[in-house]
1. Which condition number does PRO57 fail, the rest of (1) farther than 14 Å from VAL9 by Cα; (2) open to solvent by 60 Å² or more (accessible area, probe 1.4 Å) being met?
2. Look through the range 1-21, keep the residues that are over 17 Å from GLY74 (Cβ atoms), among the aliphatic types (A, V, I, L, M) and surrounded by 10 or more Cβ atoms within 10 Å (Cβ to Cβ), and return whichever of them is nearest to the chain's Cα centre (by Cα).
3. For the range 22-35, how many residues meet the condition of being more than 14 Å from ILE71 (Cβ to Cβ) and either open to solvent by less than 60 Å² (accessible area, probe 1.4 Å) or in a helix (DSSP H, G or I) (or both)?
4. Within the range 43-54, which residues are surrounded by fewer than 17 Cβ atoms within 10 Å (Cβ to Cβ) and of a type outside the set (S, T, N, Q)?
5. Identify, from the list ILE40, ILE79, ILE73, the residue that is part of a helix (DSSP H, G or I), modelled with pLDDT under 90, open to solvent by less than 80 Å² (accessible area, probe 1.4 Å) and among the β-branched types (Val, Ile, Thr).
Amino acid sequence: MTPATRREVLGLYRKILQIAKNWQSASGQREETMREKEYIRNEARTLFRKNKSVTDPKLIKQCIEECEARIEIGLHYNIPYPRPIHLPPMGLAHKQGRTLRHQEKLRKLSKPIYLKSHDEVS
């Protein structure tokens, strides 16, 4: 990892911790705010530790992009949790035959980039 990339990654980690520190839940309830703050810190800690041994520059760039996307989406929607797939529960499956396999394939194809690491951790 180059020094510039290392600074960028550490900057993202600090940014996430700062967001967690200043986080306010959408409901405004103290208990929910504390749960969400803890979730943000734990999710960041888990993912950053999991990826600390990554050395491939393309994979590092992909992880950085995913991190930035999750930060932006979380701040925009004021939801710390990854937003799920944007499909109705059984909206695109055919009614006959391979219903479930076809639906699963469509769900996998519809996942945004920021959910890649979430699947691996959850």
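1. Exception for PRO57: condition (1).
2. Filtering first and then ranking leaves VAL9.
3. Selection size over the range 22-35: 8.
4. ARG45, PHE48, ARG49, LYS50, LYS52, VAL54, listed by residue number.
5. That would be ILE73, the only listed residue that is part of a helix (DSSP H, G or I), modelled with pLDDT under 90, open to solvent by less than 80 Å² (accessible area, probe 1.4 Å) and among the β-branched types (Val, Ile, Thr).
The values are calculated or read from the model by the stated rules, or taken from the named source; none is laboratory data. Bear in mind the structure is a predicted one, so any value in this text is a computation, not a measurement. Positions of Cβ are generated from backbone atoms using ideal geometry, with glycine treated the same way; all protein chains shown enter the neighbour counts. Note: areas computed on protein heavy atoms with side chains; ligands, DNA, RNA excluded. Shrake-Rupley method; radii C 1.70, N 1.55, O 1.52, S 1.80 Å.
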